[in-house]
Amino acid sequence: MEKKNLDWANIGFEYVQTDKRYVANYKDGKWDEGTLTEDANIVMNECAGVLQYAQTVFEGMKAYTTEDGRIVTFRPDLNAARMVDSAKRLEMPVFPEDRFVDAIVQTVQANAAYVPPYGSGASLYIRPYMFGINPVIGVKPADEYQFRVFTTPVGPYFKGGAKPITICVSDFDRAAPHGTGHIKAGLNYAMSLHAIVTAHANGFDENMYLDSATRTKVEETGGANFIFVTKDNKIVTPHSDTILPSITRRSIMYVAEHYLGLEVEERDVYFDEVKDFAECGLCGTAAVISPVGKVVDHGNEICFPSGMEKMGPITQKLYETLTGIQMGHIEAPEGWLKVIE
Ligand code: PLP
Ligand code: COI
């Protein structure tokens, strides 16, 4: 199969339309068999549930080319399970987990020419999503839904790749106790847009959200979880019921403990202790592991000892081990890689 002629090393995190996408429809209480289509557009009623009351959930994952030329995805079963949790919280029908993984495989296979070559630094981002499509005017769940998967080749989420970023403590809240912070619903991202535009306008790359109940604990950013490294090389990540349970973060914690022999802790992380950490990073499918060099809290700067030039040494080790597993040159734990072809 011949690859598309794209400038792989220089693509950003933007939508590039690829050849095929997967579509399945839910009507009269059941999903149809689903199909691949070339049509990237969706026609729906003006009163569709997704347009009026934001009834939509999504996932994000990537396909990689390994050193020996296979195309793989990383732990798609966990994305399938998380989408079930998201759908249930928004009163949407569940898309069966085995069918979710099959839809990913079909869509990636159909767009194999867009999976960036090994070593390019790019990957094929996969976006599964589901939304209420029939007219809904009273506030209630839709009766009909569409599940889709499209792909788009991407490079680094933050311009500059592995260069440390600067983030600010947001004045806005991302998630409420008992709200929807733990699921991947479009509404969580809509309400973060003003906060991210404000952060960018003030010269920051991202927001650090604190817990909305007490504003004393670190939660996450708009699109990634946090990992911190203590001065004695322990990996610490915030525990919270109102953050997205990142698959990357769960994988990093496993890798830190079982591959690198580091101590790991998932616990409340108070903002007051951030100044004592040696390294800080954002982790997620899009972010991979993006080092944070500085956190600014209303003019007070916290500069991590790892600095603004490169990743700290432990973050670097985590990054190399995680991406080594994803790209197939470090042996993956059983079941982590799904070989597509
Ligand atoms: N937190 C938020 C709010 C996200 O949008 C994402 C991205 O998916 C993550 C964390 C990271 O999750 P994952 O590692 O599963 O991609
Ligand atoms: C992902 O990492 O897949 C996400 O969905 C985050 C988003 C900000 C791009």
Taking a 1.4 Å probe, which of GLU301, GLU273 shows the most accessible area, and what order do the others take after it? GLU301, GLU273
What number, in percent, do you get for the relative contact order of region 203-341 if the mean sequence gap of Cα pairs under 8 Å and at least 6 apart is divided by its residue count? 20
Hey, in the GNM for the chain with a 10 angstrom Cα cutoff, which one of ILE167, ILE71, ILE302 fluctuates hardest? ILE302
Can you give the angle from 0 to 90° between the axis of helix 247-258 and the longest principal axis of the chain, with both taken from C-alpha atoms, to the nearest 10? 50
Taking every DSSP beta bridge that has both residues in the chain, what percent is antiparallel when rounded to the nearest 5? 85
The chain: calculated mean residue ellipticity at 222 nm from DSSP helix runs of at least 4, using -39500 (n - 2.57): -6500 deg cm²/dmol
Within-10-Å neighbourhood charge of GLY34 [Cβ basis; K, R +1; D, E -1]: -1
If each part is reduced to its alpha-carbon centroid, region 221-241 and region 258-321 end up apart, in Å, by 7
So, relative contact order of the chain in percent, Cα under 8 Å, 6 or more apart, is 20
So, relative contact order of region 19-155 in percent, Cα under 8 Å, 6 or more apart, is 36
Under a cut-off of 30 Å between alpha-carbon atoms, report the lysines in cross-link reach of LYS4, not counting same-chain residues fewer than 8 places apart. LYS20, LYS62, LYS159, LYS163, LYS338
Net charge contributed by nearby residues that have their C-beta within less than 14 Å of ILE235 (K/R +1, D/E -1): 0
Using only the heavy atoms of the protein chains and a 1.4 Å probe, how would LYS163, LYS88, LYS184 rank by accessible area, largest first? LYS88, LYS163, LYS184
Could you order MET253, MET1 by accessible surface area, starting with the largest, using a probe radius of 1.4 Å? MET1, MET253
Would you please put 237-248, 328-339 in order of how densely packed they are, using the mean number of other Cβ atoms within 10 angstrom per residue and starting with the highest? 237-248, 328-339
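The values are calculated or read from the model by the stated rules, or taken from the named source; none is laboratory data. These numbers were taken from a predicted model, which means no experiment stands behind them. All Cβ positions, glycine included, derive from the backbone under ideal geometry; neighbour counts span all protein chains shown. The accessibility values were calculated without ligands, DNA or RNA, using every heavy atom of the protein model including side chains. Shrake-Rupley method; radii C 1.70, N 1.55, O 1.52, S 1.80 Å.
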